[in-house]
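The values are calculated or read from the model by the stated rules, or taken from the named source; none is laboratory data. None of the values given here were measured: they were computed from a predicted structure. We place every Cβ from the backbone using ideal geometry, glycine too, and count neighbours over all the protein chains shown. For the accessible areas, the whole protein counts, side chains as well, though only heavy atoms, and no ligand, DNA or RNA atoms are used. Shrake-Rupley method; radii C 1.70, N 1.55, O 1.52, S 1.80 Å.
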Amino acid sequence: MKKKLVVLTGAGISAESGIKTFRDSDGLWEGHNVMDVATPEGWHKNPALVLDFYNQRRKQLKEVQPNLGHQILAELENEFDVFIITQNVDDLHERAGSSNVLHLHGELLKVRSTKNVNYILDWHDDLNFGDLDDNQNQLRPHIVWFGEEVPALEEAIALTQTADYFAVIGTSLQVYPAAGLVDFTVRETPIFYIDPKPIKIPNLRNPLDVIPEVASEGMKILKKKLIGLI
């Protein structure tokens, strides 16, 4: 029986592939205020801006590739049952070969109905006004915006509770509820934390191994540590 490795990834792992994170640039995401492009209020205020923003992100995604951090996570499936919980909306984990990826904050390459949250389509090109669901409702990006519920959270908690090892890679641990997942690990579960600027995790009950590196370098170290535990 393989041990179960559950991994929470954030913007830091995708940043090395060239995808920018707004938390590194004063609340701006690709030159836009996050509140204008990643909130329901922004959508209602200026849906044309929001549609264009995510169309540009979709185009950008086609131009980047998974990096070594993504690739090592996929390789670890040879030794572990790996389940990735990601805050990222890109598909770089899947393109690197990871089999089990749960997207907490939605997916850039999907859209959904503005009226029916369960009406979800794969979508790789531009999304425009007039792109409708079967009931003639406008489609929107399948992104969990600030202020919206996180539908995948319960599944993420359940996965976290079954982890033999839990790793946190490239996340500021400041975006909730994702940041609270570490609190659902079993007390004895070792936690590995990869980030070049790691923060102190309050009230942590678990054994903690901090690896203060960017994701790709940190994953090289983590792989050696994990294989040494088999």
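A few points about this structure:
- The one condition from (1) out of contact with any Phe, Trp or Tyr (no Cβ under 8 Å at 6 or more places or on another chain); (2) part of a helix (DSSP H, G or I); (3) surrounded by fewer than 20 Cβ atoms within 10 Å (Cβ to Cβ) that ALA48 does not meet is (1).
- In the range 169-201, residue most open to solvent (accessible area, probe 1.4 Å) [restricted to those that are in contact with a helix residue (DSSP H, G or I) (Cβ under 7 Å, 6 or more places away or on another chain) and among the aliphatic types (A, V, I, L, M)]: VAL186
- Members of the range 73-118 found to be of a type in the set (Asp, Glu) and within 20 Å of TRP145 (Cβ to Cβ), listed by number: ASP90, ASP91, GLU107
- Test: residue in the range 109-119 that is in contact (Cβ under 8 Å) with a residue 40 or more places away in the chain and aromatic (Phe, Trp, Tyr): no
- Residue satisfying all of: in the range 89-105; among the hydrophobic types (A, V, I, L, M, F, W, C) and closer than 16 Å to LEU61 by Cβ; least open to solvent (accessible area, probe 1.4 Å) among these: LEU92
- Selection count, the range 106-153, where residues are touching a Ser or Thr at 6+ places or on another chain (Cβ under 9 Å) and open to solvent by less than 30 Å² (accessible area, probe 1.4 Å): 4
- Here the range 51-70 is the region considered, the condition is being in contact with a helix residue (DSSP H, G or I) (Cβ under 7 Å, 6 or more places away or on another chain) and buried (at least 19 other Cβ atoms within 10 Å of the Cβ), and the residue that is modelled with the lowest pLDDT is PHE53.
- Of all the residues in the range 75-122, those that are out of contact with any Phe, Trp or Tyr (no Cβ under 6 Å at 6 or more places or on another chain) and under 16 Å from LYS4 (Cβ atoms) number 14.
- The one condition in (1) in a strand (DSSP E or B); (2) out of contact with any His (no Cβ under 6 Å at 6 or more places or on another chain); (3) under 20 Å from GLU155 (Cα atoms) that LEU121 fails to fulfil: (3)
- Residue in the range 203-230 that is most open to solvent (accessible area, probe 1.4 Å), counting only those that are more than 21 Å from LYS3 (Cα to Cα) and in a helix (DSSP H, G or I): GLU217
- Pairs where the first residue, in the range 96-107, is within 13 Å of LEU76 (Cβ to Cβ) and outside any strand (DSSP E or B) and the second is of a type outside the set (Asp, Glu) and open to solvent by 20 Å² or more (accessible area, probe 1.4 Å), C-beta under 7 Å, 6+ apart: ALA96/PRO66; ALA96/GLN71; ASN100/PHE83
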